[in-house]
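This report refers to the structure that appears directly beneath it.
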Amino acid sequence: MIVGMLPMAVGWGEGAEQNAPLGRAVIGGLAFATVSTLIFVPIVFASVHRWLEQRHSIRATLITE
């Protein structure tokens, strides 16, 4: 999608100068969403998983005592 939007963002063709800002916005949004998904989602998953493991180990300790 990003590669497909490049001609629009660069402004090639007749009347393309009007669509260039839209193409740049779409490319920026797609790039940001891709990067944030690849970084943010695994961090949140790992944090929640670690929190649940700690919670489980605390409960197991309280039950056995």
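Quick note: the coordinates plus some simple rules give every number you see, no bench work behind them. These numbers were taken from a predicted model, which means no experiment stands behind them. Cβ atoms come from the backbone with ideal geometry, glycine included; neighbour counts cover every protein chain shown.
Data table
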item: The one condition in (1) on the phi > 0 side of the Ramachandran plot; (2) surrounded by 10 or more Cβ atoms within 10 Å (Cβ to Cβ) that Ala20 fails to fulfil; result: (1)
item: Yes/no for Met8 being exposed (fewer than 10 other Cβ atoms within 10 Å of the Cβ) and either touching a residue at least 12 places away in the same chain (Cβ under 8 Å) or among the aromatic types (Phe, Trp, Tyr) (or both); result: no
